[in-house]
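K.L.:
My structure is below; once you've seen it, I'll send some questions.
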Amino acid sequence: MGMLELLTGAGLAAAAGLNAYIPLLVVGLSSRFLDWVELPPAWAWLENEWVLVILGVLLVIEVVADKVPIVDSVNDWLQTIIRPAAGGILFGTGTTSETVAVTDPAEFFASNQWVPIVIGIVLALLVHTGKALTRPAANAATAGVAAPVLSTAEDVSSLLLTILALLVPVLAIIALGGVVVGLVALIRRRRRARAGTPA
């Protein structure tokens, strides 16, 4: 597993932490229609037309639900399993892990095939947790006005992270740093608002 593959996997997993379906759909479509993106054989199901249609429908539902105050928080709770799972899948595709079906659990763990999946799950879970924790506070502070703005910013960030992870993985990590800085700034602002000090 080379450095570029690690950076690609990390960028895709982080993008899944913001929106599970954008990077899955982009990777599937890219593999299906672009010559320079080729999924490992075990992950080729991502480019299946039915999978792409299902991902597209789920993306529309996610985009709408995530922009409605209160519904967005419920959606975040539901996505606590989906986004990390997507992150594991995407890190696996980005690092050419051949782990889709586990037929021999002993061999699976002995060969370390699980490592890329777990790294992707953890990365996506960290990003998702930051998103899920900041959204209710932002909604409360703005009477829900922040929901569509933050959701749109998250969707755009997820798309940009995905594209950068596929095209220029090093830039994806820099962009991920920007997302982390933004989340930290929101959390600090929330704490200052609670303490009654100026932001």
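K.L.:
Out of the residues in segment 152-197 that are under 23 Å from D35 (Cβ atoms) and surrounded by fewer than 18 Cβ atoms within 10 Å (Cβ to Cβ), state the one that is modelled with the highest pLDDT.
P.N.:
L159
K.L.:
Mind listing whichever residues of segment 1-49 are touching a Pro at 6+ places or on another chain (Cβ under 6 Å) and surrounded by fewer than 17 Cβ atoms within 10 Å (Cβ to Cβ)?
P.N.:
L4
The values are calculated or read from the model by the stated rules, or taken from the named source; none is laboratory data. Just so you know, these numbers come straight off a predicted model, no measurement behind them. Every residue, glycine among them, receives a Cβ derived from its backbone with ideal geometry; neighbour counts consider all protein chains shown.
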